[in-house]
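Comments concern the structure below.
The values are calculated or read from the model by the stated rules, or taken from the named source; none is laboratory data. It should be emphasised that the depicted structure is a prediction, and the values quoted were computed from it without experimental measurement. Backbone-built Cβ (ideal geometry, glycine too); neighbour counts: all protein chains shown.
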């Protein structure tokens, strides 16, 4: 038994050191010395978890990443230039407690909204990115999230750049009512134009992606990737259980389930995400496209 | 008094009325009835409108199709999987002009409702709708959609078949369809399930129709963990036709008789028919590019949040 533990510790140390070599810079460490894995419920040293891109060193569970953590993981160091950081909510601020909630979340997370958008390079390729953060009102899409995504897509279309969007969202934001719902149409329409211009959109679905975000831009990638184990669906599991009055099968609405049903292209582990994106972007860059004779006939 | 309660009281008064021959008593009952009706109809709350929008006696998509168009050929299936009876669609004639008509189909009784899944489409329904819209585009037919759904169905199969993807695809495609699209919310405009058939050049609403991000019950249960506070939620949600008009999302409203539409309401069909013909004539004057550009802008400006 003890030897088993020893062996495991050795493996972990090895794993950690090899990770550390690859990592260019530290991803922000959450408070507290230990982090409990939501998957295997074991405690791990927080620094170790952070060094492992917040993937559980024990069971491989992919923990939620903050937007900043995701950007550090994906964007080439120092390349990120944020776009439209100053956009603020002006819709339905008379909804009871809404503006207070927004203010307290800003203080808590340092984020102004549930998505950060910008332009960066990934393995040297210029790309527009959008990164959602589930700490901010469950990553819900209200007017600001819809507007920032739309502007990011329009920016990409105008400059003929690819776009990568990392989703993590409970769906459209209730507090802004119908305005939130309409953001689904707004973002999708912008993506239609990006697509018609022949440009690449990669959607990366992370835990959890549900509701109005699944039913709009998350599902519209030319290529759709997901992190292992991510919950992805239109209706939330609780709503479905209440409707059909049955327990849901094991693994329902997980990334692996979606892959099997044909709604994902690939499941990519976080440690391989940047290199996978880099390669896919490179395969879509002008230099990789076969030069063909112009004109008809 | 909530409208539903008022209607229950009226039913009791009607019963009493049928049992008495005494003239004075009859008059008293009639006066009481009028007082209750007047009071209820003049102070409709948002939730009263939700109640009216859901009333099974309200005309459904088939009533509109039958009474507005001179011919209708229903077309079936998504060509991928099956035919979803929660969505009805086909080719119709609007006084000689060929149009494609699509709508959510609710039943008038339990049996019908089980057949059409209470107007809650599965992905196949949205894919059928999209197929018919693409067909409309090919043959240069305007598209008219009738919106009346509690929402897209939340079930195991609907998730397996990609409910989210089906809705998303419709949003993306409808934005660039090269023919005019007019959507009329005739009852419940329930969330993404309604939006997936109503990305349009014009959004019209009947007076007592509602359009919201989710049902007031769902809203209350998420926000307060208590679905019974739906009445309260409805007031907060700004879901009435007047709210949507004020927010610039609904372009035009159509008045309903006191107490809402029922099977005897005839004038609504003629008014809609006249309005549709006039509007299509206007939209036909736009070239394809302008049409699509204006539709893009219609949604683009919703939720402006530039710093002041």
- Query: Consider residue A:135 against the criteria (1) in a helix (DSSP H, G or I); (2) touching a residue at least 60 places away in the same chain (Cβ under 8 Å); (3) farther than 16 Å from residue A:79 by Cβ: it satisfies all of them except one. Which criterion is unmet?
  - Reply: (1)
- Answer yes or no as to whether residue A:205 is in contact with a strand residue (DSSP E or B) (Cβ under 8 Å, 6 or more places away or on another chain) and within 7 Å of another protein chain (Cβ to nearest Cβ). no
- When you look at residue B:250, is it facing another protein chain (nearest Cβ under 10 Å), surrounded by 13 or more Cβ atoms within 10 Å (Cβ to Cβ), within 20 Å of the chain's Cα centre (by Cα) and closer than 27 Å to residue B:98 by Cβ, yes or no? yes
- Task: Would you mind listing the strands (runs of 3 or more DSSP E) fully within the stretch B:49-140 where at least 2 residues are surrounded by 15 or more Cβ atoms within 10 Å (Cβ to Cβ) and in contact with a helix residue (DSSP H, G or I) (Cβ under 6 Å, 6 or more places away or on another chain)?
- Result: B:87-94, B:97-104
- Message: Among the residues of the stretch A:221-257, what is the count of those that are in contact with a strand residue (DSSP E or B) (Cβ under 7 Å, 6 or more places away or on another chain), assigned to a helix (DSSP H, G or I) and either surrounded by fewer than 24 Cβ atoms within 10 Å (Cβ to Cβ) or within 8 Å of chain B (Cβ to nearest Cβ) (or both)?
- Response: 1
- Do the conditions hold for residue B:197, that is, is it crowded, with 21+ Cβ neighbours inside 10 Å, in a loop (DSSP other than H, G, I, E, B) and away from chain A (no Cβ under 11 Å)? yes
- Restricting attention to the stretch B:218-233, report how many residues are in a helix (DSSP H, G or I) and either at pLDDT below 90 or within 11 Å of chain A (Cβ to nearest Cβ) (or both). 11
- Note on the structure: Residues in the stretch A:164-189 that are in a helix (DSSP H, G or I) and within 8 Å of chain B (Cβ to nearest Cβ) total 14
- Query: Does at least one position in the stretch A:129-136 carry a residue that is in contact with a helix residue (DSSP H, G or I) (Cβ under 8 Å, 6 or more places away or on another chain) and over 20 Å from residue A:89 (Cα atoms)?
  - Reply: yes
- Query: Out of all the residues in the stretch A:258-274, which are away from chain B (no Cβ under 14 Å) and under 22 Å from residue A:219 (Cα atoms)?
  - Reply: A:266, A:267, A:268, A:269, A:270, A:272, A:273, A:274
- Message: Just to be sure I understand the filter: pairs with C-beta atoms under 6 Å, separated by 6 or more residues or on different chains, first member in the stretch A:84-95 and touching a residue at least 12 places away in the same chain (Cβ under 8 Å) and more than 8 Å from chain B (Cβ to nearest Cβ), second member surrounded by 15 or more Cβ atoms within 10 Å (Cβ to Cβ) and not in a loop (DSSP other than H, G, I, E, B). Which pairs pass?
- Response: A:84/A:148; A:84/A:151
- Return only the number of the condition from (1) part of a helix (DSSP H, G or I); (2) away from chain B (no Cβ under 14 Å); (3) crowded, with 19+ Cβ neighbours inside 10 Å that residue A:103 does not satisfy. (3)
- Item | Any chance residue A:198 is at positive phi and more than 8 Å from every other protein chain (Cβ to nearest Cβ) | yes
- Message: Filter the stretch A:151-163 down to the residues that are surrounded by fewer than 24 Cβ atoms within 10 Å (Cβ to Cβ), part of a helix (DSSP H, G or I) and within 19 Å of the chain's Cα centre (by Cα) and list them by number.
- Response: A:151
- Message: Tell me the residue from A:255, A:235 that is at pLDDT below 95 and assigned by TED's automatic domain parsing to the domain that holds residue A:149, please.
- Response: A:235
- Query: Based on what the data block shows, is residue A:73 within 14 Å of chain B (Cβ to nearest Cβ) and out of contact with any strand residue (DSSP E or B) (no Cβ under 9 Å at 6 or more places or on another chain)?
  - Reply: no
